[in-house]
Amino acid sequence: MNKNRLRHVTAAAAIAGLALTATGCSVSSRAAEGYPTKPVTFLVPYAAGGPSDTTARAYSSCLEKLLGGTFVVENRDSGAGAVAMQELASAKPDGHTVGLSTNGPLVLNPMSNELSYSQADFQAVGTMAEIPTLFAVPKGSPYKSLQDLFDAAKADPGQISIGVPGATSSLAIELKRLQKDTGIELAMVPTSGSAELITNLLGGHIDAGFVNDHVDVEAQVKDGAIVPLAAAGDVRSEAFPDVPTTDEAGYDVKTTSVYGLFGPKGLPQDVSEKLQNGVETCSQDKDVIAQIGDRFVPDSFLDAAATTQVFQDMRARYESLLAK
C-alpha cells in the first residue's frame, strides 16, 4: 500500500478529531482551549542545516497551521545540545516552550556528564522522525568496505579519523562501545551536527564518517561525492539496497537517531494531548513527509508513552558503558 496515500487519507480523520478536541469545552481545559496564547519557542539542540533542523522546521510550520499561533525554531548547538535541553527543562511547563531532542542530548549527555538536568525533567509528546545511520567515506577513499576501514584502524591505532555528529550523540557512544568490544581504535572527530560532519567529509578533512542516513547524505551519494560502506544494524538502507549492513560485515552496530518532541515535565494533560494529536496529524501531512523524507517518518505514530519507552530503552543499552 502506498504509505503517502494512506497518510493523506487518514490525515483528514485526524484533523477532524483534533478539531473536536480543541473545541469541545466539556472535555478540554481552559489551558488547552486557548493554546497557544503566545509564540511557541521550538528548541533544536543542533546547528541549522541538518536533519534535526529540517524535521523541526517541517513540524513547526505544520503545527502553526493546525493549532494557530506562531512556532519559532531556535537552534542551540552549544554544549553538545546541553544548552537547549537545560533551557527546555527550566521553561514554564505550559506548552509555549517545546523542543526536538534525540538520543544524545536527552539520554547520553546527562549519563556521561555532570549536568543540571536529567531525562526525568522532560515529558515526551511524540516521535517526529527516525533516521538510520551509515558508515561512509569521501570520493577517492582507499577504503572500499567497512572491513577495509577497520583493518586500517587496527594496523594504525588512533590514526584513522571518523566524524560523528556530537561527542555524546548515540553514534559516538555506539562507536565507543564497538571499539571497547573489538579493540579497534579510531580517532573520533565530534562535530556540531550532521551538516558539519558532511562538510568535513566532502572536504577530505576526515577519513570516514558515522553519519545519519538522511536526504543530505543521499544527495551527496547520488552525486558520487560520498561513498556508503555499511548501514548500521541488520536492515539495509532503503536508499542504498546494494550496501551491506554492519551485521553482514560481522559487527554489532545498531543505532537509529530518534527525533522526539518534548516539553518540560509537568505539561498540563490537555495541552500535552493537543500537541500529541497535532504531531500525529503532521506526521501524515504530505508537505511534512516531502520535507523530511518518506522513509524517515514512522509508518505507525509513536505517541507520548511509546516515545518515552524508546528513550528508556536507549538508556538501558548504554548505562553500563556510561555509568558515572
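The table that follows gives values for the structure above.
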quantity	calculated
Subset of the stretch 236-266 that is in contact (Cβ under 8 Å) with a residue 24 or more places away in the chain and among the β-branched types (Val, Ile, Thr) - its residue that is surrounded by the most Cβ atoms within 10 Å (Cβ to Cβ)	Thr255
Odd one out for Gly79 among (1) out of contact with any Pro (no Cβ under 8 Å at 6 or more places or on another chain); (2) crowded, with 20+ Cβ neighbours inside 10 Å; (3) under 19 Å from Gly193 (Cα atoms)	(2)
Val221 vs. criteria over 20 Å from the mean Cα position of the chain (by Cα), under 23 Å from Ile289 (Cα atoms) and open to solvent by 10 Å² or more (accessible area, probe 1.4 Å)	yes
Every pair of residues 6+ apart whose Cβ atoms lie under 7 Å, when the first sits in the stretch 80-106 and is on the phi < 0 side of the Ramachandran plot and among the polar types (S, T, N, Q) while the second is part of a helix (DSSP H, G or I) and modelled with pLDDT under 95	Thr102/Ser52; Asn103/Ser170; Asn103/Met314
Per-region count, the stretch 132-151, residues under 20 Å from Gly203 (Cβ atoms) and either out of contact with any strand residue (DSSP E or B) (no Cβ under 8 Å at 6 or more places or on another chain) or not in a helix (DSSP H, G or I) (or both)	10
Residue pairs meeting the criteria (Cβ under 6 Å; at least 6 apart or on separate chains; first touching a residue at least 60 places away in the same chain (Cβ under 8 Å) and more than 15 Å from Ala230 (Cβ to Cβ), in the stretch 136-155; second open to solvent by 40 Å² or more (accessible area, probe 1.4 Å) and not in a helix (DSSP H, G or I))	Pro138/Gly204
Leading residue by the ranking (modelled with the lowest pLDDT) among those in the stretch 178-216 that are under 20 Å from the mean Cα position of the chain (by Cα) and charged (D, E, K, R)	Asp216
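The values are calculated or read from the model by the stated rules, or taken from the named source; none is laboratory data. Values in this document were obtained by computation on a predicted structure and should not be read as measured data. Every residue, glycine among them, receives a Cβ derived from its backbone with ideal geometry; neighbour counts consider all protein chains shown. Ligands, DNA and RNA are excluded from the accessible area calculation, which covers all protein heavy atoms including side chains. Shrake-Rupley method; radii C 1.70, N 1.55, O 1.52, S 1.80 Å.
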